[in-house]
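Have a look at the structure below, then the notes.
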Amino acid sequence: MSSNVYVVAAAATPVGEHFGRSLADLASEAVRAAFAAAPGLSAATVGALYVANAMGETLAGQSHLGAFLASAVGLSGVPALRVEAAGASGGVALQQAAQAILAGQCEVAVVLGAEKVTDRLEGALEAALALHADGEAEAINGLTLNAQWALLMRRYMHDYGYSADAFAPFPVNAHHNALKNPQALYRFAISADKYRKAGQIASPLNMLDCSSVADGAACVVLATEAIARELAPGPRVRLAGTAVATDHLSLAARPDPLALNAARASAHVALGRAHLGLGEVQVFELTDPHGIAAALALEAMGCYNRGEAPRHAADGALAPTGRTPIATAGGYKARGDVVGASGVYQIVELVRQLRGTAGPSQVAGARVALAQCLGGIGATAATCVLVNE
């Protein structure tokens, strides 16, 4: 059995409206790119495939994605299964793959996040996403995820005395970073003034504070230390700690709706397993489809006291040169929200950061990184801590 797990390859397709491509096409592209980035890695060494996907049945018309995508990407015969935890699917799949390696079940595991959602009309997409909340208490009454984040933003503004404009730094930072990312969906800058004038989607959330759900696939290959040494004799990226936590699915069941308890718990446990403190993390990837989501996650983890995240964001804390760099590839807002694949995209970006290949949005000297993806309104939270050795 291995005592450590390493990321030996990571790659992703551009995020976009890939109308002319299938789920299998996108998955194959991501896997090929990952294997091409690690000379010496072959399909024959792979012992397991974990597919992170949240919308296969409802939007792509395909379930049983383990066997389906194993065949599509050239891994037929390998033990393969789908992991579904709404928007946290990617992070949960990474944890499952790491645990399989640590338990000695395999030496190499492929984690593949893939979503194909844009072939359906907006109504069908919103209805499918709403099922990531409480289907009986919320979705059936037309309460979408955007509407729930808007309710939390309204409560936050009331409790802490902010206007909606205070959340502008979150999408402004995301778009500034995505401008330099060729794989991002929205590669253009926005300003606080444009944010202020944007039309409402679900008040107080406006068009420039709401992400777009799009198509894409990302692949991360995990391996034992022995395999990692064979493939890369130099510095390696280690998956130092993972954790998954859950909270009440329904917002109404939570005593404090502004406390993302699962985000707090999973971050605390993952850092503990990595034997690291929060202050040692130099770059973050979070679930940030809206500024309020990022603010609540930062506060839940303990980066900032409650009610303070927007003020720190205004002071430049989110930028690659700031105290808590986030969305260095554009985040959900500008890179695009790839739902169940998002957690795998997060790891791809953080591996680039730790290897010093993130381009203009590189965080100088980054050695420790943290990725956290949320399912629903934080009902599931998966956190992964990466270390550059």
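Find the relative contact order for region 1-76 and round it to a whole percent, using C-alpha pairs within less than 8 Å whose residues are 6+ positions apart. Spell out each step's value before the answer.
Working: 49 pairs, mean separation 25.0, N = 76.
Relative contact order comes out at 33 percent.
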Relative to the longest principal Cα axis of the chain, at what angle does helix 23-36 sit, 0 to 90 degrees, rounded to 10? 60
Between helix 89-102 and the chain, what is the angle of the helix's C-alpha long axis to the longest principal axis, kept within 0 to 90° and rounded to the nearest 10? 30
So, with points 7 Å from each Cα along the Cβ direction, the ALA364-SER22 label distance in nm works out to 4.9
What is the sum of charges around ALA358, taking Lys and Arg as +1, Asp and Glu as -1, for the other residues whose C-beta is under 15 Å from the C-beta of ALA358? +3
Packing-based ranking, highest mean first, of 187-193, 282-288, 240-246 given that Cβ atoms within 10 Å are counted: 282-288, 240-246, 187-193
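Find out how many positive minus negative residues lie around ARG187, taking Lys and Arg as positive, Asp and Glu as negative, among other residues whose Cβ is under 13 Å from that of ARG187.
Numbers: positive: LYS180, LYS333, ARG335; negative: none.
With Lys, Arg at +1 and Asp, Glu at -1, the neighbours total +3.
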Tell me the label-point distance for the pair ARG196, GLU280, using the 7 Å Cα-to-Cβ offset, in nm and rounded to one decimal. 4.3
If you put +1 on each Lys and Arg Cβ and -1 on each Asp and Glu Cβ, how big is the dipole of the chain around its Cα centre, in Debye rounded to 20? 800
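Give the calculated FRET efficiency between GLN105 and ALA253 to the nearest 0.05, with a Förster radius of 25 Å applied to their Cβ-Cβ distance.
Numbers: r = 36 Å, r/R0 = 1.44.
Plugging the Cβ-Cβ distance into 1/(1 + (r/R0)^6) gives 0.10.
Estimate the FRET efficiency between ARG273 and ALA37 by the formula 1/(1 + (r/R0)^6), using the beta-carbon distance for r and 22 Å for R0, to the nearest 0.05.
Numbers: r = 27 Å, r/R0 = 1.22.
Efficiency, from the Cβ-Cβ distance: 0.25.
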Angle between the chain longest axis and helix 342-355 axis [Cα atoms, degrees, rounded to 10]: 70
Return a whole-number percent for the relative contact order of the chain, with Cα pairs under 8 Å and 6 or more residues apart as the contact set. 26
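Within 14 Å, Cβ to Cβ, of ARG155, how many net charges do the neighbouring residues add up to if Lys/Arg are +1 and Asp/Glu are -1? Could you put the intermediate results ahead of the total?
Details: positive: ARG154, ARG254, ARG306; negative: ASP159, ASP256, GLU299.
That sum, taken over residues with Cβ under 14 Å, equals 0.
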Can you tell which of ALA226, ALA11, ALA30 shows the greatest fluctuation in a Gaussian network model of the chain with Cα springs below 10 Å? ALA226
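Between LEU121 and ASN141, what FRET efficiency comes out of the Förster formula 1/(1 + (r/R0)^6) with R0 = 30 Å and r the beta carbon distance, rounded to 0.05? If you can, show how the numbers build up before the last one.
Working: r = 21 Å, r/R0 = 0.69.
Approximately 0.90, to the nearest 0.05.
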Between GLY307, GLY279, GLY123, where does the largest GNM mean-square fluctuation fall for the chain, given springs only between Cα atoms within less than 10 Å? GLY123
Candidate values (1) -0.39, -1.44; (2) -0.28, -1.36; (3) -0.20, -1.35, label of the one derived for log10 I(q)/I(0) by the Debye sum over Cα atoms at q = 0.06, 0.15 Å⁻¹: (3)
Provide the percentage of antiparallel DSSP beta bridges, counting only those with both residues in the chain; round to the nearest 5. 75
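Report, in deg cm²/dmol and to the nearest 500, the calculated mean residue ellipticity at 222 nm for the chain, where each DSSP H run with n ≥ 4 adds -39500 (n - 2.57) and the sum is divided by the residue count.
On the way: 13 runs with 133 residues, N = 389.
About -10000 deg cm²/dmol.
None of the figures in this text is laboratory data; all of them are computed from the coordinates on show. Bear in mind that the values here come from a model prediction, so they are computed numbers and not experimental data. Note that each Cβ is placed from the backbone with ideal geometry, even for glycine, and that neighbours are counted across all protein chains shown.
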